[in-house]
Amino acid sequence: MQAPRTHHAPLTAARSASLLGDFMSGTFSKSMARNVFYGGTAFFVLLFLALTFDTQGALPKRDNRDKLTPAVAAGKKIWEVNNCIGCHTLLGEGAYFAPELGNVYKRRGPDFIKAWIQNQPTKVPGRRQMPQFNLTDKQLDDLVQFLKYTSEIDTNNWPPNIEG
Amino acid sequence: MQYKSQAVAKPYFIAAIGLFVGQILFGLIMGLQYVIGDFLFPAIPFNIARMVHTNLLIVWLLFGFMGAAYYMIPEESETELHSPGLALALFWIFLIAGALTIVGYLLLPYARLAELTGNDILATMGREFLEQPLITKVGIVIVALGFLYNVSLTVLKGRKTSISLILMLGLWGLAVFFLFSFYNPENLVKDKFYWWWVVHLWVEGVWELILGALLAFVLIKVTGVDREVIEKWLYVIITLTLITGIVGTGHHYFWIGTPGYWQWWGSIFSALEPIPFFAMTIFAFNMVNRRRRDHPNRAATLWALGTGVMSFLGAGVWGFLHTLAPVNYYTHGTQITAAHGHMAFYGAYVMVVLTIISYAMPVLRGRAANSNRAQVVEMWSFWLMTISMVFITLFLTAAGILQVWLQRFSSTPQPFMVVQEQISMFYWMREVTGVIFLLGLAIYVASFFMKGEAAASVSTTSGRGEIGTQTA
């Protein structure tokens, strides 16, 4: 646990130059580095904003917004206030403790989903447990509508197969 | 300590370490729930434990960043902090609000908490890492504004260094991008798109400016290398960070409903994201090798070098591993992501906060460095925690590769839970390694209570290592 040994050689331009060539030598000053930072950052911020603008225009054909009914919106809120993302992934984002649900509508269908949620927890000893959220029939329907809408988003064919 | 008002950093650092301990305890609970599924159910379901684990991480890192700023800004600006009283008031507000939020998570059903805290006025909850109730989010903004007001005025009235400017840029960016947490459209694709403006543009954007500034500050102090050289490096590193990291956000836009061209933009730019981390590693080692003094705080130097190496491995190498779209198609949302997340957060942000704490805490306690005995104990904790994290990452990576193979890549894909049972051995190994991490953390905390004679200037150099000597 000793610190590395000391080099007593004085700091010279030649020593710096041996590191990364002229780039880091004395000819490349701090104020030049600062200008490159501001210029480079500004350029890439603008590029990112341009791509974002283009994406906003492309989304209507991909994000299934035609099917975004009040029931879907209500279902999304039920998804959120029960913190489903704390165990599951949705389009691959979330926690990795429980199955992907972006395509669960296609994998299991609406009736299975509702019955599954109603019958939790399984109380099988040692098995991962899902809480009982006491959702009403309407809430279950809304949640299923949200999962149906999600499963129809154009995700560039992700996930690779139905198991998610 | 050169300025009296730097003392306000101390409670921030202590709170950060306390919350860090809490984070690790909840991590161990979750790790056990991965293999004993009904452990602590229904008292602490997995989703609650995870929320506590990740939210404590974010909050203690924010405490660390704020403490670092309160310590560094007066010294960099060569003037007292604008208002130490405000800094202390905000400390208590942030700590109490944070504690109440965690208690709320643990004692109330999440849906009930949402109902009680105004989620019906503006729905922002229930999204990964942004689970905080609306009132907590508003509280974070208020604390951040008060904090930024305080440090910004201090910078404005004093000496303006590149380190303090870059730190301020990072901290202002942190606050500005957090505002996107209030935007939660009904359209799931847009929700996810802008959610990343908080998460990605924090950890692969503005937080890296904070990281660079903290590391540069400590390196100036412990190596005595000329500020001009260190600040030039810092500019080069953060330039590389932002020109790769901003468009690199695209690596999150592969499979969430966004256009296919993001697979090109995201893959190419995020494949370059290891470069700034590599530069940071070279930077840290190069500055330590050229040092003009042997600072008696060898533990702080070790943490600084460790940050360079581990951030490159965790954020750089493990990020690159699954960032190319054709690879990510199979690895997205698996244990590979978890492996990367653990080593990247530890290597970059945990370690840099521990670096500044290691350097600043002895000074705040009235000495240049801790006793040799305390430093040896601290260095033991460094190795225990760091090596544990390497193994946690390796075990999660192994679990992830098997998961991808069995569930995604195979010609006969198996269901999620069937696969989870087959890879449980790696989860057990991760949990055991996690216990060793906790042991390392306990030793880390113990190092603050070690007595012994304060380490004086180390005798290996020819009298050039005097503390407080800026010139060499």
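The values are calculated or read from the model by the stated rules, or taken from the named source; none is laboratory data. Note that the structure is a prediction, hence the values are computed from the model and not measured. Cβ atoms come from the backbone with ideal geometry, glycine included; neighbour counts cover every protein chain shown. Accessible surface areas use protein heavy atoms only, side chains included; no ligands, DNA or RNA. Shrake-Rupley method; radii C 1.70, N 1.55, O 1.52, S 1.80 Å.
Remarks
- Matching residues, the stretch B:365-379, being among the hydrophobic types (A, V, I, L, M, F, W, C), assigned to a helix (DSSP H, G or I) and either surrounded by 20 or more Cβ atoms within 10 Å (Cβ to Cβ) or within 21 Å of the chain's Cα centre (by Cα) (or both): B:Ala374, B:Val377, B:Met379
- When B:Val176, B:Val225 are checked against the criterion of being crowded, with 19+ Cβ neighbours inside 10 Å and either of a type outside the set (S, T, N, Q) or at pLDDT 95 or above (or both), a single residue qualifies: B:Val225.
- Within the option set B:Ala338, B:Ala348, being within 14 Å of chain A (Cβ to nearest Cβ) and open to solvent by less than 30 Å² (accessible area, probe 1.4 Å) holds for one residue only, B:Ala338.
- Scan of the stretch B:31-62 for residues that are within 11 Å of chain A (Cβ to nearest Cβ), of a type in the set (A, V, I, L, M) and open to solvent by less than 20 Å² (accessible area, probe 1.4 Å), ordered by number: B:Ile48, B:Ala49, B:Met51, B:Val52
- Entirely in the stretch B:262-339, the helices (runs of 4 or more DSSP H) that have 2 or more residues that are among the β-branched types (Val, Ile, Thr): B:274-289, B:298-311, B:325-331
- Residue check for B:Gly250: at the interface with chain A (Cβ under 7 Å from one of its Cβ atoms) and out of contact with any Lys or Arg (no Cβ under 9 Å at 6 or more places or on another chain): no
- Hits in the stretch A:77-114 (condition: without any contact (Cβ under 8 Å) to a residue 12 or more places away in the chain, open to solvent by less than 40 Å² (accessible area, probe 1.4 Å) and either touching a strand residue (DSSP E or B) at 6+ places or on another chain (Cβ under 6 Å) or farther than 17 Å from B:Gln335 by Cβ (or both)): A:Glu80, A:Val81, A:Asn83, A:Ile85, A:Gly109
- Scanning the stretch B:114-136 for residues that are assigned to a helix (DSSP H, G or I) and either open to solvent by 30 Å² or more (accessible area, probe 1.4 Å) or farther than 21 Å from B:Gly22 by Cα (or both) gives B:Ala114, B:Glu115, B:Leu116, B:Leu134, B:Ile135.
- Comparison of B:Leu324, B:Leu305, B:Leu354, B:Leu313 shows that the only residue that is farther than 16 Å from B:Thr393 by Cβ, open to solvent by 10 Å² or more (accessible area, probe 1.4 Å) and under 17 Å from the mean Cα position of the chain (by Cα) is B:Leu305.
- Within the stretch B:137-160, considering residues that are among the small types (Gly, Ala, Ser) and in a helix (DSSP H, G or I), the one farthest from the other protein chains (Cβ to nearest Cβ): B:Gly146
- Qualifying residue in the stretch B:307-316 (condition: out of contact with any helix residue (DSSP H, G or I) (no Cβ under 7 Å at 6 or more places or on another chain) and of a type in the set (Phe, Trp, Tyr)): no
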